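Peer 1: One structure, pasted below without further comment.
Just so it is clear, none of the values below were taken in a lab; they were calculated from the coordinates. Just so it is clear, the model here is predicted, and its values are computed rather than measured. Because the Cβ atoms are built from the backbone with ideal geometry, glycine has one as well, and the counts that use them run over all protein chains shown.
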Amino acid sequence: MPRPQTTPSSPAAAGLPVSRRALLGLAGVTGTVLALGIDAPGATAAPVGDLPDGLFALGVASGAPRHDGLVLWTRLAPDPMAEDGHGGMARGAVGVKWEVATDESFDTVVADGEALATAELAHTVHPRVKGLDPSTAYFYRFTVGDQTSPVGRFTTLPAPGEIPESFSFATASCQAWYHGHFTAHKHLAQEEDLDLVVFLGDYIYEYGITEANLWRQGVEVAEPHTVTIETLEQYRLRYGLFKSDPHLQAVHRRAPAIAVWDDHEVENNYGGKVSTTGISDELFVHRMAVAYRAFYEHMPLEVSAIPDGPESHINAGVDVGGLARFSLLDCRQFRDPAPTSDEDQQSEDRTILGAEQEAWVTERLEESDALWNILGNGVVFTAVTDDRTEMWDGYPANRRRVLASMGRSRNAVMLSGDIHRHVASELKADFDDPDGPNVGVELVCSSIASNGDTEKEDGLQDDWLAHDYVKMYDGRRGYVHVTLTPDAMTSTFWTVPWIEADDTAPKELGARFVTDVDTATLRPL
Ligand code: FE
Ligand code: CA
């Protein structure tokens, strides 16, 4: 892979402080994205000999996959629990080398470069690798001085239009670290077939961690974790705590990730730019800005997801050759706040997506040539009860419009999370006509940890199973594994019987369904 040239007059190369705007402007002029942890060949950085050991304590990740490459991620954090949220790093930039090889021992390096880890972005880097071969397995690692990161792996996506024999992915959500061990992630990381992991929200929680909610046994947390998050440094510390989990790190090493947030990456149940805890609208946009910034910092996201003030565009499209098209939706930032009346709830104007994002996903669905058209979002799409206005039930008009677009694309699938239960359902063209045709299916993944130890039947199952189109309900922790082929989609709902005591629980099959192509049904297997 050719290394882009840095102009000697570049402020980044000269080690001068420059604003993000100036850098992005410069990138546009030179055609080379220079700094902010994206790529910084030849950048001046701190003498690496002065850095503490254990720089890669938070592991590595990859994401935003394409047929010719993806985004690599790491954060230099020798002390992830440092109370100031700086991860044990001093101010100042550090050059981070990255390498991609076709073998695990890195004898055949096919791409490499250097990204600049700056304090501005919590010493994270997000270099995009390009020029790789499609449908090919690779390994990657980072190096600073004599310290080398753990090795991650990924397979590039199929070339545009190509239809692979199969493609497998998993979904995960709701990682309340304090409610239990990430046993579900331990099993997910060991899945044999896994090309992509889709994180569907509540990657962190903002609540203070106290004796009352610390159900994960065998751990203690220090005083800075006991308060509800308010500042950028506190969000960074919280990501440090959650990402210190070895099983979550193993999942990220195992396969590329794509991710959307739900509410807890900012604040419980917020909608649009409206807080639910009484923070004024003027101040809440500042909270959103720092929360979105911390999310960008800690995920393997495109540089286009860097927040601009309180806005950040994380709706992302991934095309798996001609087999599948993924479209991830942000259902928090642009939604109308909770309805004020029945009439408001039923209003045709009401939106959970916002006009721009709705136009984007409508086009992606209706102009798709893919065999499987997969949407992902934080909250449940299936009609359950008008009382649950947090979910798409609070936005029936917007749901009708999306259902219509699903009906105009082949094999629509909705992925969601949020409710801390596994649910599988068939999506009706019109939920007011339950005997009418289906336009797709929804796979709701339970939580990785939120709610701790529970049973399959947890008291709420009857509310959900009262609908004929809801085919399965399971209150246990777990994840969903899905395999797509040109003929069928097989979705497997894995569960773990306990998570609070330790991480030794085996995985148990909750349910498995086959969706034969062009049927929009869930056939139990
Ligand atoms: Fe949650
Ligand atoms: Ca949620």
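Peer 1: Which one is nearest to residue 322 (Cα to Cα) among residues in segment 116-169 that are surrounded by 17 or more Cβ atoms within 10 Å (Cβ to Cβ) and without any contact (Cβ under 8 Å) to a residue 40 or more places away in the chain?
Peer 2: In this case the residue turns out to be 138.
Peer 1: Could you please find all residues in segment 407-451 being hydrophobic (A, V, I, L, M, F, W, C) and touching a Ser or Thr at 6+ places or on another chain (Cβ under 6 Å)?
Peer 2: Passing the criteria: 415, 441, 443, 444, 445.
Peer 1: Could you check segment 383-398 and list, in sequence order, the residues that are touching a residue at least 40 places away in the same chain (Cβ under 8 Å) and either away from ligand 2 (no atom under 16 Å from the Cβ) or touching a Phe, Trp or Tyr at 6+ places or on another chain (Cβ under 9 Å) (or both)?
Peer 2: 383, 384, 385, 386, 389, 392, 396, 397, 398
Peer 1: Six or more apart or on different chains, Cβ atoms under 7 Å: show the pairs whose first residue is in segment 291-303 and within 14 Å of residue 123 (Cβ to Cβ) and whose second is crowded, with 24+ Cβ neighbours inside 10 Å and of a type in the set (Val, Ile, Thr).
Peer 2: Note: pairs meeting the criteria are 297/124; 298/124.
Peer 1: Restricting segment 170-197 to residues that are among the polar types (S, T, N, Q) and more than 16 Å from ligand 2 (Cβ to nearest atom), which is surrounded by the most Cβ atoms within 10 Å (Cβ to Cβ)?
Peer 2: By that ranking, first place goes to 183.
Peer 1: Considering only residues that are over 13 Å from residue 292 (Cα atoms), part of a loop (DSSP other than H, G, I, E, B) and away from ligand 1 (no atom under 16 Å from the Cβ), which ones fall in segment 217-265?
Peer 2: Passing the criteria: 217, 218, 219, 220, 221, 222, 226, 227, 244, 245, 255, 256.
Peer 1: Tell me whether segment 266-281 contains one or more residues that are more than 18 Å from residue 418 (Cβ to Cβ), away from ligand 1 (no atom under 16 Å from the Cβ), not acidic (Asp, Glu) and not in a loop (DSSP other than H, G, I, E, B).
Peer 2: The answer is yes; a qualifying residue exists.
Peer 1: Say whether the condition of being of a type in the set (S, T, N, Q) and surrounded by fewer than 21 Cβ atoms within 10 Å (Cβ to Cβ) is met by at least one residue in segment 407-422.
Peer 2: no
Peer 1: Looking at (1) farther than 22 Å from residue 174 by Cβ; (2) under 15 Å from the mean Cα position of the chain (by Cα); (3) basic (Lys, Arg), find the lone condition where residue 325 falls short.
Peer 2: (2)
Peer 1: Pull up segment 169-189, narrow it to residues that are more than 16 Å from ligand 1 (Cβ to nearest atom) and part of a helix (DSSP H, G or I), then point me to the one that is nearest to residue 496 (Cα to Cα).
Peer 2: 183
Peer 1: Does residue 284 fit the bill of being more than 17 Å from residue 331 (Cα to Cα), within 16 Å of ligand 1 (Cβ to nearest atom) and surrounded by fewer than 24 Cβ atoms within 10 Å (Cβ to Cβ)?
Peer 2: So residue 284 does not fit the description; no.
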